[in-house]
Amino acid sequence: MSAWTPRKIARELSERDAAEPPAGLLGRIKNEIPADLGSRLPAAALREVRAAEVVSLAERRRLRRQVRLLAASLILTVTGGLIAGLVVMRQTPPPAAMVERELAKEAPARAGSPETAAPAPRRAAPPASLRAVPAEPPAAPAPPPPPAASQEADLKSLGDVRDEAPKKEAADEDKEMRPRVAGLSAPAPEAARAVPMEIQAPAVESGAGGGVPGGVVGGEAARGDFALRTEGAASVFTPAPGTCLLRIQALAEDAEVAVELVPAAVARWRLVGSESGGRTRLYEVQLTPPAAANPSAKVADLRLHGETVRELRVSDLVGAWDGASPGFRLATLTAAWDEARRGASPAANLERILQLARKLAHETAGQPGGAEAAELVRRVEAAAKLRER
Amino acid sequence: MTHWWGGEPVDRSDGEEGRLLAALAGGDREAAERLVERTYRGVFALVRRLCGDSDLAADLTQETYRKAWDSLSGFDGRAKFSTWLCRIAYNTFLNHLRRPRRLVPLEDSLQATVADPAPGADETVGRAVAGDRLRRAVLALPEELRFLVTALFWGELPVREIARQEGVTTVAIRKRLKKALQLLARALEEETR
């Protein structure tokens, strides 16, 4: 026999004895039952037995109830956890879908009410990444509206400026740039809220193919049947150090472009404007001080269909605005003018926009995009005149 | 056996025993017979495990009921009737041990068990020897622990019932059980050496 352990002994002791009582034993015992047995049983014992059985039943019920409660709580916990997990999974779409949803939510409202406030700057830090994904297949760029046909619309738009601008800009000229700056530097409670802003003048993008001339930062990434173009420059509207403008263009149909910002490099960001359809987007990004001091620091990953096709670094964003492509400059000026026209950003003052737009129009006269730049100058001038009255 | 080491046996009390006792108190003889039918197998099994002999166990079982009927007025209902009966059977066996003329040498009993040289006899012998060692070790335990082991494993009584019978808590019973098993292990190990 191997070593005796308490467990083994308990097992041995628990083994049933297969021996059956011999036949006749039961009869012998029964035969010896006294006739007066009933009278020997104390009444107190009977009461005690019944009481014990009642207690036993009650204990058993209590035990059953406890087991049921335990099982129910376990089921509830597990089910609740599963449901919560499903809800979280459903309600927390990937960042790209989050931005896409915001775009879909905000776009109609903005289209209907141009007076809507400018998008609040957002922090880039808390979520691991923030993405912007075009919600719809890109639409062909709309041609610029003929000046005669758009005169009425222009007047209406300029009327908006006349009504709104004095309220917004009458305060203090020095403060014009501040809200934008302050907005970027002040804590933004709606940390990851993506609020796109439509670029009002479709002409901006029609001739804004841009490219990457003159050493202006930017580049292209091609994957199969689509291509991606990026361009960035220091913001000319927001004097805060490390504030940059970034334009991203998806050049191919069905290109799902996701911009995944690096929280360590981006303190805040906002979507300044987007082409309808969202294929072209203009972001304003405020770099963190360490990133601003490190040209090689990564700012964002650009993804197409989930695949990282390009890494944006600080050096891609901090080039001089004057050296950026005409298309980039026209897009940023148009966005700034749109904000000024709507009174959404006092920082984007008309004088500054007009100055830069005239310079651009002069540079691009007779070239692609020149007409749009001239049209922008005309509109800004009209708005400025209305304000002077 | 419905329990194992450290486990809680299933309590099969269904209120039937109380009803039978009530009927018995009312003079119903069939209730007494029914009580016997419900309990005599357990009593026999317990005594047989104690003494290791079926014929002797049958005699002791019969004697157990005789004593139970005689002392029924002492049944206080604190424990179940079957538990009370188990205690009587155990005492009956101990009384039997105190009568030398009825004592059957364990070696003789073992010889009778293993005399058949049929295939598998070695295993039978081994098991019988081991079982007999265990039985002797149980019987060598201190009284308090011996009854506990007997009632729990061979009488198949629940820990709670034994605790009620002995007037102690179930925790105390479990502690005693642990101690008993340790003593048994030590005794058996020493015997093996």
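Would you mind stating whether A:A10 is more than 7 Å from chain B (Cβ to nearest Cβ) and free of Cβ contacts under 8 Å to residues at least 24 places away in the same chain?
Numbers: more than 7 Å from chain B (Cβ to nearest Cβ): no; free of Cβ contacts under 8 Å to residues at least 24 places away in the same chain: yes.
In short, no.
Yes/no matrix, rows are residues, columns are (1) out of contact with any Asp or Glu (no Cβ under 9 Å at 6 or more places or on another chain); (2) surrounded by fewer than 24 Cβ atoms within 10 Å (Cβ to Cβ); (3) not in a helix (DSSP H, G or I):
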site	(1), (2), (3)
A:D301	no, yes, yes
A:T308	no, yes, yes
A:W337	yes, no, no
A:L354	no, yes, no
Given the criteria surrounded by 14 or more Cβ atoms within 10 Å (Cβ to Cβ) and at pLDDT 90 or above, does B:L157 qualify? no
Give me a count of the residues in segment B:58-84 that are among the polar types (S, T, N, Q) and within 7 Å of another protein chain (Cβ to nearest Cβ). 3
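Yes or no: segment A:331-344 includes at least one residue that is among the basic types (K, R) and closer than 20 Å to A:G242 by Cα. Please lay out each step first, then the result.
Going through segment A:331-344, the residues among the basic types (K, R) turn out to be A:341-342.
Next, from what is left, pick out any that are closer than 20 Å to A:G242 by Cα: none.
No: segment A:331-344 contains no residue that is among the basic types (K, R) and closer than 20 Å to A:G242 by Cα.
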Of all residues in segment A:308-318, count the ones that are within 12 Å of A:T243 (Cα to Cα) and at pLDDT below 85. 1
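Filter segment A:319-335 down to the residues that are in a helix (DSSP H, G or I), among the small types (G, A, S) and touching a helix residue (DSSP H, G or I) at 6+ places or on another chain (Cβ under 9 Å), then identify the one that is modelled with the lowest pLDDT.
Taking segment A:319-335 first, the residues in a helix (DSSP H, G or I) are A:321-323, A:326-335.
Filter again for among the small types (G, A, S), leaving A:323, A:327, A:331, A:335.
Now narrow it down to the ones that are touching a helix residue (DSSP H, G or I) at 6+ places or on another chain (Cβ under 9 Å): A:327, A:331, A:335.
Numbers: A:G327: 87, A:A331: 88, A:A335: 84.
Here the residue is A:A335.
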Give segment A:339-352 a look and list any residue that's over 14 Å from A:Y283 (Cα atoms) and either crowded, with 22+ Cβ neighbours inside 10 Å or touching a residue at least 60 places away in the same chain (Cβ under 8 Å) (or both), or say none. A:A340, A:R341, A:R342, A:G343, A:A344, A:S345, A:P346, A:A347, A:A348, A:N349, A:L350, A:R352
Of everything in segment A:14-39, what is within 20 Å of B:R48 (Cα to Cα), facing chain B (nearest Cβ under 7 Å) and part of a loop (DSSP other than H, G, I, E, B)? Give them in sequence order. A:R16, A:D17, A:A19, A:P21, A:P22
Output the qualifying pairs, or none if there are none: Cβ atoms under 8 angstrom, residues six or more apart or on different chains, first residue in segment A:353-374 and at positive phi and without any contact (Cβ under 8 Å) to a residue 12 or more places away in the chain, second residue buried (at least 16 other Cβ atoms within 10 Å of the Cβ) and assigned to a helix (DSSP H, G or I). none
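Here's the yes/no breakdown for (1) assigned to a helix (DSSP H, G or I); (2) more than 12 Å from every other protein chain (Cβ to nearest Cβ); (3) closer than 16 Å to B:R49 by Cβ; (4) touching a His at 6+ places or on another chain (Cβ under 6 Å):
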site	(1), (2), (3), (4)
B:R135	yes, no, yes, no
B:F153	yes, no, yes, no
B:K175	yes, yes, no, no
B:L184	yes, no, yes, no
B:L188	yes, no, no, no
Report the residue count in segment B:85-124 for those that are modelled with pLDDT of 90 or more and either within 14 Å of chain A (Cβ to nearest Cβ) or in a loop (DSSP other than H, G, I, E, B) (or both). 4
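Output the residues belonging to segment B:34-51 that are more than 8 Å from chain A (Cβ to nearest Cβ), surrounded by fewer than 21 Cβ atoms within 10 Å (Cβ to Cβ) and under 12 Å from the mean Cα position of the chain (by Cα).
As a first pass, look at segment B:34-51 and keep what is more than 8 Å from chain A (Cβ to nearest Cβ): B:34-35, B:38-39, B:42-43, B:46-47, B:50-51.
Next cut, surrounded by fewer than 21 Cβ atoms within 10 Å (Cβ to Cβ) only: B:34, B:38, B:42.
Across segment B:34-51, the qualifying residue is only B:G42.
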Please give the number of the condition A:V67 fails out of (1) more than 9 Å from chain B (Cβ to nearest Cβ); (2) in contact with a Lys or Arg (Cβ under 7 Å, 6 or more places away or on another chain); (3) not basic (K, R). (2)
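The values are calculated or read from the model by the stated rules, or taken from the named source; none is laboratory data. This is a predicted model, so every value here is computed, not measured. Cβ: placed from backbone, ideal geometry, glycine included. Neighbour counts: every protein chain shown.
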